[in-house]
1. Report the Cα centroid-to-centroid distance between segment 281-322 and segment 54-120 in angstrom, as an integer.
2. Going by C-beta contacts inside 10 Å, put His334, His116, His89 in order with the fewest on the left.
3. So for Tyr196, Tyr344, fewest C-beta neighbours within 10 Å to most, what's the order?
4. Roughly what angle does helix 229-238 make with the longest principal axis of the chain, taking Cα atoms, 0 to 90 degrees, to the nearest 10?
5. Could you work out Rg/(2.2 N^0.38 Å) for segment 165-275, with Rg from alpha carbons only?
6. Counting alpha carbon pairs within less than 8 Å and at least 6 residues apart, what relative contact order, in whole percent, applies to the chain?
7. Just from its helices, what would the mean residue ellipticity at 222 nm be for the chain, if runs of 4 or more DSSP H residues each count -39500 (n - 2.57) and the sum is divided by every residue, rounded to the nearest 500 deg cm²/dmol?
8. Helix 336-348 sits at what angle to the longest principal axis of the chain, using alpha carbons and giving 0 to 90 degrees rounded to 10?
Amino acid sequence: MPGARAARHSDAVHGAGAARDRTAPQFGVGTTDDGAHGSIVILEGVRVAVTGGAGFIGVHTVEALLDGGADVVVIDDLRHASSRRLPDHIELVEADVAGAEAREAVKRFGAEAVVHLAAQGGVNRSWREPVEDARANVLGTLSMLLAAVDAGCRRFVFASSGGALYGSTDRLPTPETEAAAPLSPYGTAKLVAETYLEMFTRTRGLSACALRYGNVYGPGQDGTGEAGLIAISCRRLLAGSAPLIRGDGLQTRDFVFVGDVVRANLLALDSSATEPVNIGTGVQTPVNAVVAELMATAAVQARPERVPAPAGEVRRCCLDNARARALLGWSPNHALSDGLSRTYRAFAGAASVPAVS
Ligand SMILES: NC(=O)c1ccc[n+]([C@@H]2O[C@H](COP(=O)([O-])OP(=O)(O)OC[C@H]3O[C@@H](n4cnc5c(N)ncnc54)[C@H](O)[C@@H]3O)[C@@H](O)[C@H]2O)c1
């Protein structure tokens, strides 16, 4: 809707060490409601590189950036691309974020901002292949930070993990001030990557922000692997199998709908916040309850199949989102029941897979 994209981003450039108004938008833009997608962030003409843009959260983020008028390049080596296809006309650089080709692509594109989503995302896999996990998640992030500085980017948004960072804390909902105590190589890599972000912000004038997501779910998530309870359960239910529950099912997660996460990504792009920010609902839901609700959505009655829980699994997760409200003006729009029904319908193909809102 072209009329909704009238706002232009400002030409102000934040050089190294320049004073920033921490409340001012990075790109001088705002939000609008175009009816089809709900509230979208206007980033008219802003050049954004999205790493991992072919992945689950990435494709939704690219769609929302395009809706907001941004120019987008996707950098992704397609090792775990989503079944949800990227828009046809999008520029895709097929490269590993830890390598020179990806760094050069950020500069060649003239990126003003980077949304860094590319990662090895499996907690269990990070135990099986901790060195590869660190290569993708630590070196890949360092490499993209260097690329952002080299390209003169004004903003860098990084996908961190609230679920993996806080470990087995009893402080729930967990605020960002809680000390990180990861229980896996994956969580440790996210913590190290966040430390690099803070260092680049202190020393190189890069405005970088880590978003600590809860358990993200929605259309387009891979339901064939070992992570992504809701996507896996949707696939199993649709195949006529019982859902699979690891452990006693009393472990809790902060399930956050992908549309809400995408909105957080765009709000963070347009903000000057450099503290880490939790992106979760502040509600913890036991795995047993989410599976039961999904079965009700699917109108299926089945006894879930139970297998042992993986060692070292986080027991409870619930993220305090007060900082997201204060710094980004973000709060979740989707209750779990709504998100589950959108997700199940998308997996069932009963509805055309709609853009998330
Ligand atoms: N899904 C969640 O619940 C969740 C929760 C917390 C944090 N995160 C983080 O959010 C980000 C996106 O997660 P997602 O669920 O969309 O994952 P995803 O696996 O669906 O997408 C990741 C994308 O990155 C690409 N990729 C992976 N390694 C790469 C590399 N070395 N070079 C280039 N491309 C590479 C993959 O091909 C894929 O397209 C990740 O950083 C993940 O750690 C996700």
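Every number in this text was worked out from the coordinates using simple rules, so none of it is lab data. It should be emphasised that the depicted structure is a prediction, and the values quoted were computed from it without experimental measurement. All Cβ positions, even for glycine, are placed from backbone atoms using ideal geometry, and neighbour counts span all protein chains on display.
1. 31 Å
2. His89, His334, His116
3. Ranking Tyr196, Tyr344 by Cβ neighbours within 10 Å, fewest first, gives Tyr196, Tyr344.
4. So the inclination is approximately 50 degrees.
5. Against the empirical 2.2 N^0.38 Å value, I get 1.28 for segment 165-275.
6. Across the chain, relative contact order equals 17 percent.
7. That comes out to -9500 deg cm²/dmol.
8. Orientation of helix 336-348: about 80 degrees from the principal axis.
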